[in-house]
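**Q** Here it is, the structure, as structure tokens.
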Ligand code: HAM
């Protein structure tokens with residue numbers, strides 16, 4: 001195929017074989033969030049570029065090198081959203097959703113865009129489910145966010161494969177003092193830093209903490225520690241969170257190097273990581289951003305949230321063989337009809353069955369075909385039963401009812417009794 005007709009590198013089609021697993025995952029998360037009282041919000045995929053620069057931070061990887069930015073026909077600079085928090089905060093501000101100290105517990109789902117180097121688990125269009133909470137400033141809500149993700153891992157059967165990493169970044173004031181101390185320490189040793197870290201020394205020194213360079217990591221052993229610079233309020237908040245996780249029996253590890261790649265965080269940050277996916281092992285990440293709303297022009301409003309990468313979680317379910325068998329089946333019954341009169345009758349019969357058996361997944365044969373070819377299609381559809389309607393059956397007002405899985409024999413069922421027979425058979429299946 002010519003190059004112009006291929007999908008863009010790092011942007012994937014999600015094919016019909018894969019969508020049942022996506023829908024199972026998305027449905028599980030949606031009903032879990034319903035159960036905790038979160039409400040869905042839907043934001044546009046494109047926003048003014050300025051929004052992301054102001055919220056994520058000018059000197060982050062995302063804003064510096066990864067955004068899909070373009071000028072539209074009005075000459076405005078627009079960007080495909082690289083994440084959901086900024087747009088969610090913009091929507092909350094624009095519609096006054098957190099006005100007067102109102103609490104909001106929101107969630108969203110959708111594609112995000114980052115021009116990263118594609119590899120397993122890392123794409124240029126990827127999908128997140130994110131949660132954002134406004135105007136709740138205690139560690140209880142941080143704990144709830146973690147507890148609900150822990151419940152999700154339980155529902156999906158992947159608890160053993162994920163680890164919770166936690167850190168506290170303190171308030172921006174405390175962090176500024178720490179940043180100065182870190183810069184002073186590292187500046188004196190700048191010649192030993194890797195090139196990226198040396199550049200970050202003036203732009204974003206905290207990111208040096210998660211440098212991949214072993215030499216830089218060795219230098220950091222004696223560097224000032226963020227934990228020693230935490231302000232009292234952040235320390236108490238962090239202790240409160242840990243006590244709640246302990247009470248809930250959720251295991252975690254404190255990772256003092258966890259700083260996150262977005263500038264808006266304060267106090268709590270966390271990541272759920274797995275070692276089952278190679279280098280792209282963070283499946284869910286987030287934290288508190290108490291200063292962001294104000295920084296974007298709103299009244300002081302605290303915020304906390306997280307986002308999970310759907311591709312990575314779907315990949316993890318597949319890798320761990322945790323795909324429930326029943327989600328693969330998309331058809332319960334395949335209706336075969338032979339001859340024109342039977343085809344006409346099949347149309348009304350199928351519509352009646354849809355009325356009578358709620359939730360029935362019924363596929364009606366289209367395009368005619370011999371016995372052999374229709375049975376082949378019935379089998380391939382994955383249906384549990386074939387219902388057969390030919391001239392003889394029609395004359396006797398019956399159908400053939402053929403179980404397609406297992407050894408049971410075909411039976412003859414009166415058309416009027418078919419709905420009930422189907423409902424009970426499917427209930428038992
Ligand atoms: P993030 O860490 O940039 O945070 O992304 C969250 C998750 O999205 C990652 O842990 C990962 O699972 C997934 N993800 C990120 N980039 C890619 C990619 N290129 N390909 C596949 N999956 C990816 C945020 O986006 C914050 N907005 C999270 C947040 C919400 N913090 C507070 N509220």
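**Q** Does residue 278 satisfy the criteria of being within 9 Å of the ligand (Cβ to nearest atom) and surrounded by fewer than 21 Cβ atoms within 10 Å (Cβ to Cβ)?
**A** So residue 278 does not fit the description; no.
**Q** Considering each residue of segment 176-212, count those that are surrounded by 15 or more Cβ atoms within 10 Å (Cβ to Cβ) and farther than 18 Å from residue 263 by Cα, and give that number.
**A** Number satisfying all stated conditions: 6.
**Q** Still on this structure, I have one more. Taking segment 7-35 only, how many residues are more than 14 Å from the chain's Cα centre (by Cα), under 19 Å from residue 84 (Cβ atoms) and more than 16 Å from the ligand (Cβ to nearest atom)?
**A** Of the residues in that region, 1 qualify.
**Q** Can you tell me which of (1) in contact with a strand residue (DSSP E or B) (Cβ under 8 Å, 6 or more places away or on another chain); (2) in contact (Cβ under 8 Å) with a residue 24 or more places away in the chain; (3) over 15 Å from residue 339 (Cα atoms) is the one residue 388 doesn't meet?
**A** Failed condition: (3).
**Q** In segment 64-94, what residues are within 12 Å of the ligand (Cβ to nearest atom) and free of Cβ contacts under 8 Å to residues at least 24 places away in the same chain?
**A** none
**Q** I would also like to ask the following. Could you look through segment 58-97, keep only residues that are assigned to a strand (DSSP E or B) and out of contact with any helix residue (DSSP H, G or I) (no Cβ under 8 Å at 6 or more places or on another chain), and pick out the one that is surrounded by the most Cβ atoms within 10 Å (Cβ to Cβ)?
**A** Among those that are assigned to a strand (DSSP E or B) and out of contact with any helix residue (DSSP H, G or I) (no Cβ under 8 Å at 6 or more places or on another chain), it is 80.
**Q** Considering each residue of segment 390-417, count those that are within 29 Å of residue 327 (Cβ to Cβ) and either part of a strand (DSSP E or B) or touching a helix residue (DSSP H, G or I) at 6+ places or on another chain (Cβ under 7 Å) (or both), and give that number.
**A** Count: 8.
**Q** Considering only segment 252-275, state which residues are more than 9 Å from the ligand (Cβ to nearest atom), within 22 Å of residue 139 (Cβ to Cβ) and within 18 Å of the chain's Cα centre (by Cα).
**A** If the condition is that a residue be more than 9 Å from the ligand (Cβ to nearest atom), within 22 Å of residue 139 (Cβ to Cβ) and within 18 Å of the chain's Cα centre (by Cα), then 270 is the only one that fits.
For (1) touching a residue at least 60 places away in the same chain (Cβ under 8 Å); (2) touching a helix residue (DSSP H, G or I) at 6+ places or on another chain (Cβ under 6 Å), each residue gets a yes or a no:
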site: 167; (1), (2): yes, no
site: 173; (1), (2): no, no
site: 178; (1), (2): no, yes
site: 187; (1), (2): no, no
site: 192; (1), (2): no, yes
site: 195; (1), (2): no, no
site: 202; (1), (2): no, no
site: 214; (1), (2): no, no
site: 218; (1), (2): no, no
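**Q** Ok, one more. Could you list, in sequence order, all residues of segment 121-143 that are touching a strand residue (DSSP E or B) at 6+ places or on another chain (Cβ under 8 Å), within 14 Å of the ligand (Cβ to nearest atom) and outside any strand (DSSP E or B)?
**A** Matches in segment 121-143: 121, 124, 136, 141, 142.
**Q** Condition (residue is more than 16 Å from the chain's Cα centre (by Cα) and more than 15 Å from residue 292 (Cβ to Cβ)) applied to segment 90-98: is it met by at least one residue?
**A** Among the residues of segment 90-98, at least one is more than 16 Å from the chain's Cα centre (by Cα) and more than 15 Å from residue 292 (Cβ to Cβ), which makes the answer yes.
**Q** From the residues in segment 222-245 that are within 22 Å of residue 257 (Cβ to Cβ) and within 29 Å of the chain's Cα centre (by Cα), which one is surrounded by the fewest Cβ atoms within 10 Å (Cβ to Cβ)?
**A** That would be 239.
**Q** What do you reckon, is residue 267 touching a residue at least 40 places away in the same chain (Cβ under 8 Å) and either surrounded by 24 or more Cβ atoms within 10 Å (Cβ to Cβ) or more than 23 Å from residue 89 (Cα to Cα) (or both)?
**A** Considered against the rule, which asks whether it is touching a residue at least 40 places away in the same chain (Cβ under 8 Å) and either surrounded by 24 or more Cβ atoms within 10 Å (Cβ to Cβ) or more than 23 Å from residue 89 (Cα to Cα) (or both), residue 267 comes out as yes.
**Q** Still on this structure, I have one more. Please enumerate the residues belonging to segment 326-346 that are surrounded by fewer than 18 Cβ atoms within 10 Å (Cβ to Cβ) and either under 26 Å from residue 427 (Cβ atoms) or in contact (Cβ under 8 Å) with a residue 24 or more places away in the chain (or both).
**A** 326, 327, 328, 329, 330, 331, 339, 341, 343 - these are the residues of segment 326-346 that are surrounded by fewer than 18 Cβ atoms within 10 Å (Cβ to Cβ) and either under 26 Å from residue 427 (Cβ atoms) or in contact (Cβ under 8 Å) with a residue 24 or more places away in the chain (or both).
**Q** Let me ask something else about it. What residue, of 283, 331, is away from the ligand (no atom under 16 Å from the Cβ), in contact with a strand residue (DSSP E or B) (Cβ under 8 Å, 6 or more places away or on another chain) and under 22 Å from residue 23 (Cβ atoms)?
**A** Selected residue: 331, the only one of 283, 331 that is away from the ligand (no atom under 16 Å from the Cβ), in contact with a strand residue (DSSP E or B) (Cβ under 8 Å, 6 or more places away or on another chain) and under 22 Å from residue 23 (Cβ atoms).
**Q** For residue 400, indicate whether it is farther than 12 Å from residue 422 by Cβ and surrounded by fewer than 18 Cβ atoms within 10 Å (Cβ to Cβ).
**A** yes
**Q** Looking only at segment 98-120, filter to residues that are surrounded by fewer than 19 Cβ atoms within 10 Å (Cβ to Cβ) and part of a loop (DSSP other than H, G, I, E, B); which one of those is nearest to the ligand (Cβ to nearest atom)?
**A** Of everything passing the filter in segment 98-120, 116 is nearest to the ligand (Cβ to nearest atom).
**Q** OK, next. Does residue 353 count as surrounded by 19 or more Cβ atoms within 10 Å (Cβ to Cβ) and assigned to a helix (DSSP H, G or I)?
**A** It is true that residue 353 is surrounded by 19 or more Cβ atoms within 10 Å (Cβ to Cβ) and assigned to a helix (DSSP H, G or I).
**Q** Out of 240, 249, which single residue is out of contact with any strand residue (DSSP E or B) (no Cβ under 7 Å at 6 or more places or on another chain), over 26 Å from residue 194 (Cα atoms), away from the ligand (no atom under 16 Å from the Cβ) and touching a residue at least 40 places away in the same chain (Cβ under 8 Å)?
**A** Going through 240, 249 in turn, the sole match is 240.
Since every read-out is calculated from the coordinates, none of them should be taken as a lab result. What you see is a predicted model, and the numbers here were worked out from it, not measured in a lab. Neighbour counts are summed over all protein chains in view; Cβ atoms, including those assigned to glycine, are modelled from backbone coordinates with ideal geometry.
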